[in-house]
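Notes for the one structure printed next.
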Amino acid sequence: MDGFTAWLLRHVTDQDAPGELARRAAADPDWPEQPDRLETFTEHMENGRATQAALQDLTDAWVRYASR
């Protein structure tokens, strides 16, 4: 596995917003692995009724991922 999900799951022990998002993703059996697009993950979280704060955490994590 590569891409955003793999990158995110490497942060599962972090005590920050990406870490929280990583734990959420790890616990979600339906968390998407592909395609590697922000919209895929945003739609998944919106369908799960994520809060605006959680969606912002996703966007922030995506920016960190994309800028690496």
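Structure notes:
Conditions tested, residue by residue: (1) in contact with a Leu (Cβ under 6 Å, 6 or more places away or on another chain); (2) closer than 11 Å to Leu58 by Cα; (3) at pLDDT 95 or above; (4) open to solvent by 100 Å² or more (accessible area, probe 1.4 Å).
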residue	(1), (2), (3), (4)
Ala17	no, yes, no, no
Arg23	no, no, yes, no
Ala27	no, no, yes, no
Arg37	no, no, yes, yes
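- Candidate set from region 39-59 (those that are polar (S, T, N, Q) and open to solvent by 80 Å² or more (accessible area, probe 1.4 Å)); member that is nearest to the chain's Cα centre (by Cα): Gln56
The values are calculated or read from the model by the stated rules, or taken from the named source; none is laboratory data. Computed from a prediction, not measured in an experiment: that's the story for all the values here. Positions of Cβ are generated from backbone atoms using ideal geometry, with glycine treated the same way; all protein chains shown enter the neighbour counts. All accessible areas refer to the heavy atoms of the entire protein, side chains included, with ligands and DNA or RNA removed. Shrake-Rupley method; radii C 1.70, N 1.55, O 1.52, S 1.80 Å.
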